[in-house]
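Asker: Here's a structure for you.
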Amino acid sequence: MATETTDFSLGSVTVALTPIERLEEYLQSRGKRMTQQRRLIVAEVFSHHEHFDADGLLLQLQQKLGRDQVSRPTVYRTLTELVEAGLLVKMDLGGRAVYEHDYGYPNHDHLHCTTCNRLIEFKSDELIAIRDAVARQNGFRVAGHRLIVTGTCRECMQARQRPKRMLDRI
């Protein structure tokens, strides 16, 4: 009997514009201009893919560029613009705002460990099939979805189950 494995990897999405070009287009449509600070923030955000919060991003930028190069209000304002432009998604995880790439990144869902705050990304064709079936049954046109499953990750469960030694109590 063969065992079936399910692939939960995300795949990729092709986009026509770079994130900076996409933000420039968005800003022009709103009568705003692309500043050097916005450019630096976008470059940092899209230099790697990971979930982040505004304070962590501010700290990264200040360590890289120096404390006086970018301010907290500029980071928060730019993050709001990046969300409005469709470049980032903002998620609320237990009262903490966390951001992730949306532009050029496939639709996916998350497992959120409430112990260590780790986010695990996954994509499930079965979940999408259920979503679409429920939508069809209700005459609903799906524009997208976000699912965050909360619980405890393997590492945190293993850490809890480790037997305590006498030395650990000191």
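The values are calculated or read from the model by the stated rules, or taken from the named source; none is laboratory data. In this text, all values refer to a predicted model and were calculated from it rather than measured experimentally. Virtual Cβ from ideal backbone geometry, glycine too; neighbours counted across all protein chains shown.
Asker: Evaluate the following for V142: is it free of Cβ contacts under 8 Å to residues at least 12 places away in the same chain, farther than 19 Å from D55 by Cα and part of a loop (DSSP other than H, G, I, E, B)?
Answerer: yes
Asker: Confirm whether E100 is surrounded by 13 or more Cβ atoms within 10 Å (Cβ to Cβ), within 17 Å of D55 (Cβ to Cβ), among the acidic types (D, E) and under 17 Å from the mean Cα position of the chain (by Cα).
Answerer: Values: surrounded by 13 or more Cβ atoms within 10 Å (Cβ to Cβ): yes; within 17 Å of D55 (Cβ to Cβ): yes; among the acidic types (D, E): yes; under 17 Å from the mean Cα position of the chain (by Cα): yes.
So E100 passes the test.
Asker: State the number of residues belonging to the range 22-48 that are in a helix (DSSP H, G or I), more than 16 Å from V75 (Cα to Cα) and not small (G, A, S). Can you show your working first?
Answerer: Just the residues of the range 22-48 that are in a helix (DSSP H, G or I), to begin with: 22-29, 36-45.
Going one step further and asking which of them are more than 16 Å from V75 (Cα to Cα), we end up with 22, 24-26, 28-29.
Going one step further and asking which of them are not small (G, A, S), we end up with 22, 24-26, 28.
Residues meeting the conditions: 5.
Asker: Additional query: Is there any pair linking a residue in the range 45-71 that is among the small types (G, A, S) to one that is not in a loop (DSSP other than H, G, I, E, B), with Cβ under 7 Å and at least six apart or on different chains, and which?
Answerer: Note: pairs meeting the criteria are A54/V75; A54/Y76; A54/L79; A54/A97.
Asker: Another one. Scan (1) in a helix (DSSP H, G or I); (2) free of Cβ contacts under 8 Å to residues at least 12 places away in the same chain for the single condition E126 breaks and write down its number.
Answerer: Exception for E126: condition (2).
Asker: For the range 75-90, check the following and say yes or no: at least one residue is among the β-branched types (V, I, T), touching a helix residue (DSSP H, G or I) at 6+ places or on another chain (Cβ under 9 Å), in a helix (DSSP H, G or I) and assigned by TED's automatic domain parsing to the domain that holds H48. Give the derivation first.
Answerer: Going through the range 75-90, the residues among the β-branched types (V, I, T) turn out to be 75, 78, 80, 83, 89.
Cutting the leftovers down to touching a helix residue (DSSP H, G or I) at 6+ places or on another chain (Cβ under 9 Å) gives us 75, 78, 89.
Adding the requirement that they be in a helix (DSSP H, G or I) leaves 75, 78.
Retained after the next criterion (residues that are assigned by TED's automatic domain parsing to the domain that holds H48): 75, 78.
Scanning the range 75-90 turns up at least one residue that is among the β-branched types (V, I, T), touching a helix residue (DSSP H, G or I) at 6+ places or on another chain (Cβ under 9 Å), in a helix (DSSP H, G or I) and assigned by TED's automatic domain parsing to the domain that holds H48.
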